[in-house]
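What follows is a single structure, written as structure tokens, with notes after it.
The values are calculated or read from the model by the stated rules, or taken from the named source; none is laboratory data. Not measured: the values here are computed from a predicted model. Please note: Cβ atoms are built from the backbone with ideal geometry, for glycine as well, and neighbour counts cover all protein chains shown.
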Amino acid sequence: MRTLALIGKSGTGKSHKAQIVAKRNGINFIIDDGLLIHGSRVLAGYSAKRETTRVGAIRRAIFQDPAHADEVKSKISEMKVDSLLILGTSYSMIEVICKTLDIPMPEQIIKIEDVSSPREINTAIRIRETTGKHIIPVPTLEIKKDFSGFLLDPLRIFRKGKSKYPEMLEEKSVVRPTYSYMGRYTINDTTVNQIALYTARQVPGIGPGGRVFIENNANGVILKLELSVEYGIQMQPVLTKVKKKVTDMIEHMTGLNVLSVEVIAKNLYFKSEPKNKN
């Protein structure tokens, strides 16, 4: 196996440059913060950015959990990985990762200063320190379920050309881990309930009242809405519209991954006719 390492201090933009460095050097796989990545897919691992403390994140990034390490080692063997780029904050960190995963030490060390300008590095550091944003070099859709409630944002990289429509080179994801904040970030079920009901009532044909039942799990939330529907309308199109709008709004406003939304017409209501002034 051919291995390379990309080294730089935390927050200097390693993950942002990972795909570029890999492509330039003919590397097909990346190890970054506990994940094994191939192209735009996460093949195995558990992201260090999901940990609630910095110490936990460091241990996760160097595969100190035996089950985590075994999962990634197994996938490396299964995929017959022939080339690998390993990201780390120091050579000693790279060394630990290689020993833990039983992979060769890197034949080349690339420093973040070799692939990023001082301005890019300073910008990355400033963003990390002021907003707590971290980059994962895969599309948001790929990791959405694993980062439910972490406020994901897509980061799309385009190349300008003569064409009217620019070509999208790659998509990365921006997350804000819990350990980036002062205190713990949580979203109350009451908030989700209110967002869901308010959004549903904006759809023509949905009446007042209603209830929301929320089921939380590690991958996201499952919602069940019981609503009152206007008598005489076609229910199915209205309920389908409610489902889409509620899903989109909750994911946009909270960063939660909505696994499913069930919408039930529990009651009928009769729309009052406007009084004739004559």
### Task
Go through region 28-54 residue by residue and tally those that are of a type in the set (Val, Ile, Thr) and modelled with pLDDT under 95.
4
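Quick check: anything in region 116-124 of a type outside the set (Phe, Trp, Tyr), under 30 Å from Glu251 (Cα atoms) and surrounded by 12 or more Cβ atoms within 10 Å (Cβ to Cβ)? Explain how you work it out, then say what you get.
First, pick out the residues of region 116-124 that are of a type outside the set (Phe, Trp, Tyr): 116-124.
Restricting the remaining residues to those that are under 30 Å from Glu251 (Cα atoms) gives 123-124.
Add one more test, that the residue is surrounded by 12 or more Cβ atoms within 10 Å (Cβ to Cβ), and what stays is 123-124.
Within region 116-124 (the criterion being of a type outside the set (Phe, Trp, Tyr), under 30 Å from Glu251 (Cα atoms) and surrounded by 12 or more Cβ atoms within 10 Å (Cβ to Cβ)), the answer is yes, since at least one residue qualifies.
Conditions (1) among the hydroxyl-bearing types (Ser, Thr, Tyr); (2) over 19 Å from the mean Cα position of the chain (by Cα); (3) modelled with pLDDT of 75 or more, marked per residue:
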site	(1), (2), (3)
Leu101	no, yes, yes
Asp114	no, yes, yes
Arg128	no, no, yes
His134	no, no, yes
Thr140	yes, no, no
Pro166	no, yes, no
Lys172	no, no, no
### Query
Residues of region 201-221 being crowded, with 17+ Cβ neighbours inside 10 Å, under 12 Å from Val263 (Cα atoms) and either touching an Asp or Glu at 6+ places or on another chain (Cβ under 7 Å) or among the charged types (D, E, K, R) (or both), which ones?
Gly210
#### Entry: Tabulated pairs, region 89-110, first of a type in the set (Asp, Glu), second outside any helix (DSSP H, G or I) and surrounded by 18 or more Cβ atoms within 10 Å (Cβ to Cβ), C-beta under 7 angstrom, 6+ apart or interchain
Glu107/Thr3; Glu107/Leu4
### Task
Please give the number of the condition Leu35 fails out of (1) surrounded by fewer than 22 Cβ atoms within 10 Å (Cβ to Cβ); (2) touching a strand residue (DSSP E or B) at 6+ places or on another chain (Cβ under 6 Å).
(1)
